[in-house]
Amino acid sequence: MGLTLVTGAGSEPVSLEEIKSWCRVDFPDDDAVLTSNGIAAREYVEQATGRQLVTATWKLTDRYFRAVQVRLPKPPLQSVTSVQYRDASGNLQTLDPSEYYVDLSCNLIEPTDCWPSVGDFPDAVQITFAAGYGDPENVPQTIKHAIMSLSAHWFENREPAVIGAQAVEVPVHVRSLINQAKTWRVA
């Protein structure tokens, strides 16, 4: 299974101004460092939570339809742009949207009848979808708080911070915020 970013988010969920305010920085000298920290913190939070924060388009590829229901990564799911598959000849076919059902609340798609047979190709199934909370103002405050806290931590501690006898790369409160937003799979 592969996942490719088709179109990235058009903006960051937390602006430079918000990070500067959080860090109590009111001069432009460290704008590049703070911008970089904000991007790195967002990437860290997205990876740790399994979520897409600001709207982006992704393509999931696989050899075959693994199950009746296909759970798409990077919640929250906004829409499915297309479901395509390679037939036995290798020709790319597009399913009509009436041939599958999209459950936005569960990040699932499933066929209205059954998935078509696919050829033996590494990218036989291709699902393109939009994910994310929408614009930056729609990203939950818990997630924004984690990004700003992590950005500030990295700004103050250019290397892992030593607290007691242990180096701390990510503060405990940031891990707690991330856990609140993490996607948990129910078996």
- Note on the structure: Cross-link reach from residue 182 to aspartates and glutamates, straight Cα distance under 20 Å and at least 8 residues apart if same chain, gives 12, 43, 46, 103, 135, 137, 169
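Excluding the sites themselves, what is the longest stretch of the chain that contains no trypsin sites (Lys or Arg not before Pro) in a DSSP loop with at most 16 other C-beta atoms within 10 Å?
Answer from the scan: 67-157.
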- Note on the structure: With -39,500 (n - 2.57) per DSSP H segment of 4 or more residues and division by the full residue count of the chain, the 222 nm estimate, nearest 500 deg cm²/dmol, is -9000 deg cm²/dmol
- Using a 1.4 Å probe, how large is the accessible area of residue 96, given in Å² and rounded to the nearest 10? 80 Å²
- Message: Take the residue pairs 20/59; 20/144; 74/144 and return only those whose Cα atoms are more than 23 Å apart.
- Response: 20/59
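Rounding to the nearest 20 debye, state how big the charge dipole of the chain is about its Cα centre with +1 on each Lys and Arg Cβ and -1 on each Asp and Glu Cβ.
Value, rounded to 20: 540 debye.
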- Structure-derived percent of Cα pairs over 19 Å apart - corresponding label in [x] 64; [y] 70; [z] 60: [x]
- Message: Once neighbouring chains are kept in place and the probe is 1.4 Å, which whole percent of the accessible area of the chain is contributed by carbon and sulfur?
- Response: 50 percent
- Note on the structure: With the 1.4 Å probe rolled over protein heavy atoms, the chain has an accessible area per residue in Å² of 56 Å²
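The values are calculated or read from the model by the stated rules, or taken from the named source; none is laboratory data. Note that the structure is predicted; figures quoted are calculated from it, not measured. Here the Cβ is made from the backbone with ideal geometry for all residues, glycine too, and neighbour counts use every protein chain on show. When the accessible area is computed, the model is the full protein with side chains, heavy atoms only, and any ligands, DNA or RNA have been set aside. Shrake-Rupley method; radii C 1.70, N 1.55, O 1.52, S 1.80 Å.
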